[in-house]
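The values are calculated or read from the model by the stated rules, or taken from the named source; none is laboratory data. Model, not experiment: these values are computed from the prediction. Positions of Cβ are generated from backbone atoms using ideal geometry, with glycine treated the same way; all protein chains shown enter the neighbour counts.
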Amino acid sequence: MTVVENLSKNFEILKNKYVGTGDIDTTRWEFGTNIYRDTLASNIGHRNRLLYMSLALNQTPFETKINFLDKMFCPCGPPPNPEQILKNNQ
């Protein structure tokens, strides 16, 4: 097995393990959406962090959790038009 094949195989393994890392065709909006959703999911999943956030926002932990879940629906706004993406890449 050559070095290039080995690197390619390792890259595929990591890509399957960490889905949100993206690839060559991942747009900036998709990458930002993945990062933001991962951050919100981490805040919801770690109880101490959720309590800290709820204290800082002056809300109950349940309200904070519901707000974070609502933000996960469309965290970075609507997706851009494909024409804008092509224009920005040129």
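Could you please give the count of residues in the stretch 1-37 that are of a type in the set (Val, Ile, Thr) and in a helix (DSSP H, G or I)? Please lay out each step first, then the result.
At the first step, the residues of the stretch 1-37 found to be of a type in the set (Val, Ile, Thr) are 2-4, 13, 19, 21, 24, 26-27, 33, 35.
Narrowing the set further to residues that are in a helix (DSSP H, G or I) leaves 3-4, 13, 19, 21, 33, 35.
Counting residues in the stretch 1-37 that are of a type in the set (Val, Ile, Thr) and in a helix (DSSP H, G or I) gives 7.
What number of residues in the stretch 12-59 are loosely packed, with under 11 Cβ neighbours inside 10 Å and in contact with a Ser or Thr (Cβ under 8 Å, 6 or more places away or on another chain)?
Total satisfying the criteria: 1.
Among 50, 40, 69, which is in a helix (DSSP H, G or I), in contact with a Lys or Arg (Cβ under 9 Å, 6 or more places away or on another chain) and in contact (Cβ under 8 Å) with a residue 24 or more places away in the chain? First the steps, then the outcome.
Details: 50 fails: in contact (Cβ under 8 Å) with a residue 24 or more places away in the chain; 69 fails: in contact with a Lys or Arg (Cβ under 9 Å, 6 or more places away or on another chain).
Within the list 50, 40, 69, the selection yields 40.
Pairs under 6 Å by beta carbon, first residue at pLDDT below 75 in the stretch 9-24, partner aromatic (Phe, Trp, Tyr), six or more apart or different chains?
Hits for this filter: 22/31.
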